[in-house]
Amino acid sequence: KAGVTQTPRYLIKTRGQQVTLSCSPISGHRSVSWYQQTPGQGLQFLFEYFSETQRNKGNFPGRFSGRQFSNSRSEMNVSTLELGDSALYLCASSLARTGTTHNEQFFGPGTRLTVL
Amino acid sequence: KNQVEQSPQSLIILEGKNCTLQCNYTVSPFSNLRWYKQDTGRGPVSLTIMTFSENTKSNGRYTATLDADTKQSSLHITASQLSDSASYICVVSALSGYALNFGKGTSLLVTP
């Protein structure tokens with residue numbers, strides 16, 4: 001069974017640009033969550049999508065948005081990039097809603113975004 | 001405010017030695033606690049998931065304990081190997097809602 005895949009793996013952008021990251025969950029998984037990971041802050045929750053609907057959102061500005069398609073694949077978009085957006089962006093998929101007891105989350109390898 | 005605190009922030013041990021990582025949380029009402037291992041440049045991988053009624057869970061050389069009364073968990077690594085060098089992240093979820101609360105992790109380095 002294929003794991004969670006994320007594309008691209010590495011990305012370099014300049015301030016002001018926008019970027020779209022893609023996540024393909026494990027087959028059959030309906031929940032996709034996105035996280036930002038930086039050395040100083042650790043893993044921070046961005047949002048969760050389940051059955052094409054955003055179910056939960058972290059404390060990030062509106063420049064961060066996402067969507068989920070009918071095949072559960074998800075995209076995350078960041079507009080008007082800032083230097084502070086440089087981070088590893090991870091997505092995770094699971095069968096049930098994130099946080100559900102015994103519902104295991106499987107993480108992808110991440111997309112390393114560098115903003116210059 | 002739901003918080004998860006991990007200690008130590010970093011740890012260096014010799015190969016073959018044991019070590020224990022700590023996780024204290026204020027998440028309430030408690031639902032479950034997870035430990036993840038994250039190798040450099042890779043996504044986290046789940047080691048254990050424990051609910052309120054479980055106070056010990058093992059996964060090979062990894063043993064997690066949970067004291068829901070004191071809101072503390074520990075991850076014990078036995079007979080460490082070089083491949084154990086990674087960041088270990090404690091994650092706690094509350095009964096209300098589905099949000100996960102992440103600790104900042106403990107960075108473990110196992111040296112020969």
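The values are calculated or read from the model by the stated rules, or taken from the named source; none is laboratory data. It should be emphasised that the depicted structure is a prediction, and the values quoted were computed from it without experimental measurement. Every residue, glycine among them, receives a Cβ derived from its backbone with ideal geometry; neighbour counts consider all protein chains shown. For the accessible areas, the whole protein counts, side chains as well, though only heavy atoms, and no ligand, DNA or RNA atoms are used. Shrake-Rupley method; radii C 1.70, N 1.55, O 1.52, S 1.80 Å.
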Checklist outcome for this item: Using a 1.4 Å probe on heavy atoms of the protein chains only, the accessible area for B:Asp84 in Å², nearest 10, reads 0 Å²
Checklist outcome for this item: Averaged per residue, the 1.4 Å probe accessible area of chain A, protein heavy atoms only, in Å², is roughly 46 Å²
Checklist entry - Given just the C-alpha atoms of the protein assembly as shown, how large is their convex hull per residue in cubic angstrom? => result 123 Å³
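Specify, per residue and in Å³, the volume enclosed by the convex hull of the alpha carbon atoms belonging to region B:70-111. Intermediate values should be presented prior to the final figure.
Numbers: hull volume 3.8 nm³, N = 42.
Dividing the Cα hull volume of region B:70-111 by its residues yields 91 Å³.
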Checklist outcome for this item: Taking protein heavy atoms only, a 1.4 Å probe, and rounding to whole percent, the accessible area of region B:46-94 owed to carbon and sulfur comes out at 50 percent
Checklist entry - Which one of B:Asn18, B:Gly41, B:Pro8 is farthest out on the positive end of the charge dipole of chain B, using unit charges on Cβ (Lys, Arg +1; Asp, Glu -1) and the Cα centre as origin? => result B:Gly41
Next on the checklist: Tell me the Rg and the Dmax, in Å, that the Cα atoms of chain A produce.
Outcome noted: 13.4, 41
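Let me know the number of lysine pairs in the protein assembly as shown closer than 19 Å at the Cα, not counting same-chain pairs under 8 apart.
Within the protein assembly as shown, the lysine pair count is 8.
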Item to check | Listed residues A:Val4, A:Ser24, A:Thr14: farthest to the positive end of the dipole of region A:3-116 (Cβ charges) | outcome: A:Thr14
Next on the checklist: To check my understanding: the extent here is largest minus smallest coordinate of the Cα atoms along each principal axis. What are those three numbers for region B:1-107, in Å, largest first?
Outcome noted: 40, 27, 20
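How much accessible area is lost when chains A and B come together, counting both sides, with a 1.4 Å probe, in Å² rounded to the nearest 100?
On the way: alone 6150 and 6230 Å², together 10690 Å².
That pair hides around 1700 Å² of surface in total.
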Next on the checklist: How much accessible area per residue does chain B have, counting only protein heavy atoms and a probe of 1.4 Å, in square angstrom?
Outcome noted: 48 Å²
Item to check | Carbon + sulfur, % of accessible area of chain A - ligands and nucleic acids excluded, 1.4 Å | outcome: 49 percent
Next on the checklist: Compute the distance from the alpha-carbon center of region B:1-57 to that of region A:51-83, in whole Å.
Outcome noted: 27 Å
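Within chain A, what's the longest stretch lacking trypsin sites (Lys or Arg not before Pro) that sit in DSSP loops with no more than 12 other Cβ atoms inside 10 Å?
A:16-116
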Checklist entry - Fully extended, how many nm does the chain gain between A:Thr53 and A:Ser86 (0.36 nm per residue separation, minus their Cα-Cα distance)? => result 9.2 nm
Checklist entry - So how much accessible area does A:Glu82 have, in Å² to the nearest 10, using a 1.4 Å probe? => result 90 Å²
Checklist entry - Considering only the protein assembly as shown, what is the antiparallel percent among its DSSP beta bridges, to the nearest 5? => result 90 percent
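Using a 10 Å cut-off around each Cβ of peptide A:99-109, what is the average number of partner chain Cβ atoms that fall inside?
Details: counts 14, 4, 8, 4, 4, 3, 9, 4, 7, 2, 3.
Partner-chain Cβ atoms within 10 Å, mean over residues of A:99-109: 6.
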Item to check | Assigned charges on the beta-carbon of Lys, Arg, Asp, Glu; the protein assembly as shown dipole about Cα centre (debye) | outcome: 460 debye
Checklist entry - Relative to a virtual label point 7 Å from the Cα of B:Lys17 in the Cα→beta-carbon direction, which members of region B:77-96 show backbone nitrogen distances below 17 Å? => result B:77-86
Checklist entry - Can you list the trypsin sites (Lys or Arg not before Pro) in region B:1-79 that are in a DSSP coil and have 12 or fewer other beta carbons within 10 angstrom? => result B:Lys1, B:Lys17
